[in-house]
């Protein structure tokens, strides 16, 4: 938008949107320099007077603007607010307390309050919500949304955890399930103890007593002839360890299968029990 005012034969044209003015002669061709006004962080521009005959007047010297509106910085998260670090409740403000969880380390040593629903948290900071541990957390997309010593977890809330935070986290590389023993397999989340049944099942006609005959799947005891008859089920058709080992001639080959849960998403309380994972602090 341009605003034109007339004074003593001069036309002063102010370009309000640009925050700078230039002046021009209406008659004698003498250019009058105009100083560039301070803008939003940008330097003023010089302007030249222009005569009525089209010849240039004297150049005006622009003045650099000193405005700061052109720069921006991350919003500082106030100390003592939701999810900020704390040692005691005295470090927290606005009715928040310093939450301590030395078992699972959820929101451990962070300012928060107990909750039963998201509505209990929404007034604290925009996007705050209630988690299963019944404490309010600060929502985030990246680490830059979180207070000092915290980071944005896969669950999208600011958690104080990991190296340098003062609170342990689970790290390392979980051992592949196939490399685990039957004992360690059960301790690794995502792994399942399984196996295959192999061998050659003992034939029914080779079994001489009634009890053993009836225990062999596929066999029938003929009381009139006092003999075992039928066709024993093959080992490959046996499902599960106990069914396999109960069939004469079969053996169970145990193995651990599956995909282990990454250490980074394993609960701190289970970290040291998971092969390949370790506590980081």
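What number of residues in segment 161-190 are on the phi < 0 side of the Ramachandran plot, in contact with a strand residue (DSSP E or B) (Cβ under 7 Å, 6 or more places away or on another chain) and surrounded by fewer than 17 Cβ atoms within 10 Å (Cβ to Cβ)? Outline the logic, then answer.
Step one: of segment 161-190, the residues on the phi < 0 side of the Ramachandran plot are 161, 163, 165, 167-171, 173-189.
Cutting the leftovers down to in contact with a strand residue (DSSP E or B) (Cβ under 7 Å, 6 or more places away or on another chain) gives us 161, 163, 168-171, 174, 177-178, 180, 182, 185-186.
From the residues that got through so far, the ones that are surrounded by fewer than 17 Cβ atoms within 10 Å (Cβ to Cβ) too are 163, 178, 182, 186.
Total satisfying the criteria: 4.
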- prompt: Would segment 149-156 turn up any residue that is in contact with a helix residue (DSSP H, G or I) (Cβ under 7 Å, 6 or more places away or on another chain), surrounded by fewer than 22 Cβ atoms within 10 Å (Cβ to Cβ) and not in a loop (DSSP other than H, G, I, E, B)?
  reply: yes
message: Looking at segment 126-138 only, could you name the residues that are under 20 Å from residue 78 (Cβ atoms) and at pLDDT 95 or above?
response: 128, 129, 135, 136, 137, 138
task: Among the strands (runs of 3 or more DSSP E) lying completely within segment 165-237, list those that include at least 3 residues that are over 30 Å from residue 83 (Cα atoms) and modelled with pLDDT of 90 or more.
output: 191-199, 219-222, 227-230
message: From the list 278, 273, exactly one residue is part of a strand (DSSP E or B), closer than 30 Å to residue 153 by Cα and touching a residue at least 12 places away in the same chain (Cβ under 8 Å). Which is it?
response: 278
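The values are calculated or read from the model by the stated rules, or taken from the named source; none is laboratory data. Being a predicted model, the structure only gives us computed values, none of them experimental. Please note: Cβ atoms are built from the backbone with ideal geometry, for glycine as well, and neighbour counts cover all protein chains shown.
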